[in-house]
Amino acid sequence: MYFNSSKAGEGSGQWIFAKPVIRGKGFTITLRGNFQLMTMTLDKMLGIDYPIIVAPMFLISNTKMVKAALDCGITAAFPALNYRTDQDLREAIADIRAHTDKPFGVNLIVNKSNYKYNKQLETLVELKPAFIITSLGKPEEVIRQCKPVGIKVFCDVIDEVHAKKVEALGADAVIAVNNQAGGHTGKINPRELVELLQRNVSIPVISAGGVASVEHVNEVLSWGAAGVSVGTIFIASEEADVSADYKQALIDYGAKDIVKTTKLSGSPLTVINTPYVQQLGTEATWWEKLMNNNKWLKKYIRMIIALRGMKTIEKSTFGASYKTLWCAGPTIEYVHSVRPMREIIHDLTDGLEPANKVSVS
Ligand SMILES: Cc1cc2nc3c(=O)[nH]c(=O)nc-3n(C[C@H](O)[C@H](O)[C@H](O)COP(=O)(O)O)c2cc1C
């Protein structure tokens, strides 16, 4: 585990400063041997103040959270799947646009578990959010359709193999999902992953996972990342519509209480280790594993596991249930109260220089 202290402890993160890169107003210069590489940062790419995304979170992201992020000079994305019907998705986008013309994104699950994928993509190509974040599958079709209409495509990746593939397909940036991320987590620690991807691709690398303060943001940027994507700490925002028990759990539990389970979606998902999770176990059963290893059955089994797991998560996200399944990452360590989005965002941006308030010479 990257975080190793108890909630009460101080200075739990092992954030180590990397070799310096030169970070300017809206760009990063990474020194590599005899070469200097200039990477566009997220703030410049989107024309926002700070290179931060409020990350898309299944069931949790809502338009209040997106609007608050945009008002504070950062961006946000929400999963298209948070809306049951096409009309609901359209209304969510219209609601944000009625509030502001600042750039926001939508997350698309691009694997077979998302049976609404085709319609969602069609609607997004028509409504043109500033960017789409693809996760859990091959983004080829999304890139092919979105690039010509000016929608940027950022692809979730967990290693350099996938990063190189999406770069070759034409992705505008990769989101480096590390082993500290909440949700479907990665395998590699934050700094190693950013540096690995930087060596292997030349598109911007946005780091996802483990960020909860401006010190963390600065540190990740010092590794050469183009920005950060932050999810978990926003679950405990006033704007999130989740149950009071869920928010309280983020306060009461710490990093040591986060476990990864494959029981719910077939892929490792971070959850709080509640008594129900302990009872359930975190490993898939033998028959789930067996069927998961069968090429033909895999997609159907994954769909069934995902549907079953997501139903249980949905129940405990919004209401009281003895089956308490709360998805969150290790940064719950830093959550001490429920606060408005703008205060949580302030903790991430206080002291950062707003890129677009200063012209780059
Ligand atoms: C409760 C929860 C739900 C998530 N749902 C999604 C999702 O639907 N799509 C997605 O691409 N990422 C999802 N993620 C991952 C986030 O987008 C982001 O990568 C992650 O939260 C960053 O790590 P952090 O939680 O340490 O800030 C989810 C994360 C959490 C905590």
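We did not get these values from a lab; they are worked out from the coordinates using the rules stated. Just so you know, these numbers come straight off a predicted model, no measurement behind them. Glycine also receives a Cβ, built like all others from the backbone with ideal geometry; neighbour counts cover every protein chain displayed.
Tally Lys/Arg at +1 and Asp/Glu at -1 over every other residue whose Cβ is under 12 Å from the Cβ of Thr270; what's the total?
0
Using a Debye calculation, one point per C-alpha and no hydration shell, please list log10 I(q)/I(0) for segment 34-151 at q = 0.19 Å⁻¹ in order.
Reported log10 I(q)/I(0), two decimals: -1.02.
Which pairs, out of Lys64/Lys112; Lys102/Lys187; Lys119/Lys263; Lys147/Lys263; Lys128/Lys311; Lys44/Lys128, put more than 24 Å between their alpha-carbon atoms?
Lys64/Lys112; Lys102/Lys187; Lys119/Lys263; Lys147/Lys263; Lys128/Lys311
Counting other beta carbons within 10 Å of each Cβ, put His346, His336, His216 in order, fewest first.
His336, His346, His216
Over the alpha-carbon set of segment 125-241, work out the extent along each principal axis and list the three values in angstrom, largest first.
That gives 38, 37, 22 Å along the principal axes, largest extent first.
For Lys152, go through the aspartates and glutamates and keep the ones whose alpha-carbon is under 17 Å away, minus same-chain ones fewer than eight residues off.
Counting by Cα, and skipping residues close in sequence, Lys152 has these aspartates and glutamates nearby: Asp43, Asp101, Glu122, Glu126, Glu140, Glu141, Glu167, Asp172.
Looking at segment 57-201 only, what percent of DSSP beta bridges run antiparallel? Nearest 5 please.
Here the share of antiparallel DSSP bridges comes out near 0 percent.
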